[in-house]
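Colleague: Sharing a structure here in structure tokens format.
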Amino acid sequence: MKKFVLKCSLYVALLLLVLELLVRVFHLYTEDPPRFIDDLGVEKRVPNSTGYAVTGNRNQNFSEFRINSFGFNSFREFHPSIDEKEIALIGDSFIEGFHQDYDRSTGKKMEVLLGESVAVYEYGYAGYDLANQLYLTKAYEADFEAVDYIIFYLDYPTDLERSEYVPNKDRITLLSSRMFKIRDQIKLLAYTSRIGLVDPIKRLALGIRDRNKQNPSIKVDSVKLRTRYQKNFEKLLSSYPIDKSKTAFLLNSKTTDKEFLAHCRRKNIQYIDFGKVFEHSQTAPTLIYDQHWNDHGRDLVAQAIVDHLKAQAPHLLNK
Amino acid sequence: MLFNSIEFLIFLPLSFVLYWFLLNRNLKLQNLLLVVLSYLFYGWWDWRFLSLIFLSTFVDYLVGQKIHRAQDRERKRWLWVSIGFNIGLLGVFKYFDFFVVSLIDALAFAGYEVTQPWMLHVLLPVGISFYTFQTLSYSLDVSRKALAPTKDFIAFAAYVSFFPQLVAGPIERAASLLPQILQKRRFSYQQGAQGAKLILWGFFKKVAIADSLAPIVDDIFVNYHSYSSPTLFMGAFFFGFQIYADFSGYSDIAIGTAKLFGIELRSNFKFPYLSRSVAEFWRRWHISLSTWFRDYLYIPLGGSKLNSRTTIRNIFIIFLVSGFWHGANWTFIVWGGIHALLFVPLFLTGTNRNYLHGTVAEKSALPTFREFVQISITFTAVTLTWIFFRAESIAHALAYLKRLFALHPYQGYNHPLGYRMVDYFILLSLFMGYEFIIRKDERSPFKFKSRYLRFGLYALVLLAILLFYDDRIDRSFIYFQF
């Protein structure tokens, strides 16, 4: 019995070591560049790092990221100036774009479509809502004043859940905690955690049984909620005013409340709708295992933005 | 409780410690612990149905005593009590609604319409087909005087409810399992190590193969009308491996777990896809069920000892009943019937008892060309019959087959969850190749002399589990529904 228990323990330990090695060799784990809150209270990635983001198991999606000196995943550095033509694309993980190589981002595609006469700065950060995005432009007001056009990616209604910006210190503290650091160092744990293998253990530890799990669903047709989102939107715009002549919201009209769109039109707030082109696309614009845009989706989004710019900001296209 | 759940991951080592470290000196307490653990294991799913297991245990324990003491006629009467009770349980919980629906269909065919039929709509208790057959075999063996009934109710309850094989077999015989429960058990390193290896192999089959193929199979069978013939064949082919890996994986985990508790269970699968004929397939597939039907139905009906006509009738009876055992659906009956049709020519040509012993390529590294052709034909035939097994209805199976044989040209197939399809072909090729290598001993999947090779294989198997695991997939075992 003693021999059995000892040998089993030894084998388990050795196998875990070998698996750790294999997970590292095949780079099955994903890298999540560390986050922080800068002196101006903006959530960012720690600048100047490169790595690979992996989605799913068996390297289902494997892409390279590059965090620039400003703290965002981009193929270029951000140096806004009045002399150059620049567009800022601000948003959450869709703009951050860890699902494709950083040099095949939506911003890069826009630059190609615009004849590379305009620089596109992508301020994407997984977890950003509209409050984060607007606060960023306020915190770096001088930079964004120099930028010729600003596009906010608005995922309705999730990006309108709050009406004021408060830095998410809890998340940063949690992600910087020793437990998370250990998890990130043990790649086997990071990988198994990513593919959901340790979820049952987590659920058990938290005392949450599967059967009690409920998906919170947001009823966009509810008048009360609709009013709340609109109020949040208004309050954010009053706290962090935008220059309507050089600002647009990138959104999917198919998932956005019609009343909200009408409200934007009434207030002369520009929006770029990529929902229609997505709907008519013959090829899927999103990844199969993930709802983020795939390469084709990014092409469509880039084209929709460029079409909008041609109509609303033709000066940007003139060399 | 599922073997592939976090609860079982905690349950197993705790049970092991209690069993060997705390109660190993007292057999009665150890057996009582087995009963408690088994009831906990089952009750985790739905405690209400524990009453059925207890009732089945109680009735057959009592019947066993009565049969033993009774004379011929009364003996038969008590045996019918057991048969009536166990088949009655199955009839009520598994088949009642099916019979009602079939009767309504028959009446509708005759021109009578039943608008408000009386149906039970009860939940099928997990494992009912397994434990009822297990208790029934006890009464039948006692009645044949092949076994003396036990007076130890706790030991008998442990035999009926022994958790590793309670819900999906192997269906044990009292003559083999009960004496092990009644005897003092000693931990053996060899047995424990074999058990741990079988558990690992079973998990690999379940998680890496069965579960990973499930979304593809589900997608193809549901949307068969939009897929080409090669894709439909792939769907049937993958289902063949899904059900094999799922069920034999369960059996391996069950046998391995039982070994950890010092108990040997019978083998349930012996590489059935390496069979050279359908007759051999049935000696290698779900062995505990096919031998049950052989011993308690086929042989009492006269087996093959009588004339050819009676034997053919008996062959059809056991295959049809075996199909029906799987579920209350005509698809299973047709599936059994097709296997009978495949078996009868072998009987008529006297080749059904070929390959009783040994395996393919018994004394060589590779199969002969003849063996290869035989295996391919058997495998293809079995794969096509699986379509009936998997289909929702006869109409579904026929439409699937019709489209399959319409020979639509190949169109690419995309995995419903976005994975690379080539991964699955590589995985199955490696799996089939490995099964061929280990074909001589189904109970020792890692029987290699080199310790390093064995260790490398454990690591590979675990890596495959990590690579093919997907938390979006339903992880329950297919045979739970039977």
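Colleague: Any residue at all in segment A:181-199 that is touching an Asp or Glu at 6+ places or on another chain (Cβ under 6 Å), within 14 Å of another protein chain (Cβ to nearest Cβ), in contact (Cβ under 8 Å) with a residue 40 or more places away in the chain and not basic (Lys, Arg)?
Modeller: yes
Colleague: Hey, can you tell me all the residues within segment B:5-15 that are within 11 Å of another protein chain (Cβ to nearest Cβ) and either touching a helix residue (DSSP H, G or I) at 6+ places or on another chain (Cβ under 6 Å) or aliphatic (A, V, I, L, M) (or both)?
Modeller: Within segment B:5-15, B:6, B:9, B:10 qualify.
Colleague: Give the residues of segment B:93-148 that are hydroxyl-bearing (Ser, Thr, Tyr), farther than 21 Å from residue B:52 by Cβ and buried (at least 21 other Cβ atoms within 10 Å of the Cβ), sorted by residue number.
Modeller: B:143
Colleague: Look through B:20, B:44 and report the one residue that is modelled with pLDDT under 95, part of a helix (DSSP H, G or I) and open to solvent by 20 Å² or more (accessible area, probe 1.4 Å).
Modeller: That would be B:44, the only listed residue that is modelled with pLDDT under 95, part of a helix (DSSP H, G or I) and open to solvent by 20 Å² or more (accessible area, probe 1.4 Å).
Colleague: Out of the residues in segment A:200-236 meeting the condition of being assigned to a loop (DSSP other than H, G, I, E, B) and within 14 Å of chain B (Cβ to nearest Cβ), tell me which one is modelled with the highest pLDDT.
Modeller: Top of the filtered list is A:207.
Colleague: Can you name every residue in segment B:371-426 that is in a loop (DSSP other than H, G, I, E, B) and either of a type in the set (A, V, I, L, M) or away from chain A (no Cβ under 14 Å) (or both)?
Modeller: Matches in segment B:371-426: B:391, B:392, B:393, B:405, B:406, B:407, B:408, B:409, B:410, B:411, B:417, B:421.
Colleague: Residues in segment B:464-476: is at least one more than 14 Å from every other protein chain (Cβ to nearest Cβ) and surrounded by 12 or more Cβ atoms within 10 Å (Cβ to Cβ)?
Modeller: Checked segment B:464-476: no residue is more than 14 Å from every other protein chain (Cβ to nearest Cβ) and surrounded by 12 or more Cβ atoms within 10 Å (Cβ to Cβ).
Colleague: With a cut-off of at least 2 residues that are modelled with pLDDT of 90 or more and under 21 Å from the mean Cα position of the chain (by Cα), name the helices (runs of 4 or more DSSP H) lying wholly within segment A:237-319.
Modeller: Here the list reads A:275-280, A:295-312.
Colleague: Is segment A:7-14 home to any residue that is away from chain B (no Cβ under 11 Å) and touching a residue at least 60 places away in the same chain (Cβ under 8 Å)?
Modeller: No.
Colleague: Shifting gears a bit: Quick one: what pairs do we get from segment A:143-160, first residue within 19 Å of residue A:291 (Cα to Cα), second open to solvent by less than 10 Å² (accessible area, probe 1.4 Å) and assigned to a loop (DSSP other than H, G, I, E, B), C-beta under 9 Å, 6+ apart or different chains?
Modeller: What qualifies is A:153/A:128; A:154/A:256; A:155/A:256; A:156/A:256; A:157/A:256; A:159/A:128.
Colleague: Every residue in segment B:451-477 that is free of Cβ contacts under 8 Å to residues at least 60 places away in the same chain, closer than 17 Å to residue B:419 by Cβ and part of a helix (DSSP H, G or I), please.
Modeller: B:463, B:466
Colleague: Still on this model: Which numbered condition in (1) touching a helix residue (DSSP H, G or I) at 6+ places or on another chain (Cβ under 9 Å); (2) surrounded by 11 or more Cβ atoms within 10 Å (Cβ to Cβ); (3) under 30 Å from residue B:197 (Cα atoms) is the only one that residue B:362 fails?
Modeller: Evaluating residue B:362 over (1) touching a helix residue (DSSP H, G or I) at 6+ places or on another chain (Cβ under 9 Å); (2) surrounded by 11 or more Cβ atoms within 10 Å (Cβ to Cβ); (3) under 30 Å from residue B:197 (Cα atoms) leaves (1) as the failure.
Colleague: Something else now. Open to solvent by 30 Å² or more (accessible area, probe 1.4 Å) and either within 14 Å of another protein chain (Cβ to nearest Cβ) or more than 30 Å from residue B:326 (Cβ to Cβ) (or both): does that describe residue B:460?
Modeller: yes
Colleague: Right, next: Residues in segment A:52-67 that are modelled with pLDDT of 95 or more and either within 14 Å of chain B (Cβ to nearest Cβ) or open to solvent by less than 20 Å² (accessible area, probe 1.4 Å) (or both): how many?
Modeller: Qualifying residue count, segment A:52-67: 2.
Colleague: Next up: I'm told residue A:2 meets every condition in (1) within 11 Å of chain B (Cβ to nearest Cβ); (2) of a type outside the set (A, V, I, L, M, F, W, C); (3) surrounded by 15 or more Cβ atoms within 10 Å (Cβ to Cβ) except one. Can you identify the failing condition by its number?
Modeller: (3)
Colleague: Quick test for you: out of B:451, B:439, pick the one residue that is open to solvent by 30 Å² or more (accessible area, probe 1.4 Å) and on the phi < 0 side of the Ramachandran plot.
Modeller: It is B:451.
Colleague: Which is closer than 23 Å to residue A:177 by Cα and not polar (S, T, N, Q), of A:82, A:67?
Modeller: Checking each option against the conditions leaves just A:67.
Colleague: Also, I was wondering about something else. Scan segment A:277-298 for residues that are touching a residue at least 60 places away in the same chain (Cβ under 8 Å) and either basic (Lys, Arg) or out of contact with any strand residue (DSSP E or B) (no Cβ under 9 Å at 6 or more places or on another chain) (or both) and report the count.
Modeller: Total satisfying the criteria: 2.
Colleague: Mind checking which residues of segment B:228-270 are part of a loop (DSSP other than H, G, I, E, B) and open to solvent by 10 Å² or more (accessible area, probe 1.4 Å)?
Modeller: Across segment B:228-270, the qualifying residues are B:262, B:264, B:266, B:267, B:269, B:270.
Colleague: For segment A:166-195, name all the residues that are touching a Gly at 6+ places or on another chain (Cβ under 8 Å) and not in a helix (DSSP H, G or I).
Modeller: A:167, A:168, A:195
The values are calculated or read from the model by the stated rules, or taken from the named source; none is laboratory data. Values in this document were obtained by computation on a predicted structure and should not be read as measured data. Please note: Cβ atoms are built from the backbone with ideal geometry, for glycine as well, and neighbour counts cover all protein chains shown. Protein only, heavy atoms only, side chains kept; ligands, DNA and RNA dropped before computing areas. Shrake-Rupley method; radii C 1.70, N 1.55, O 1.52, S 1.80 Å.
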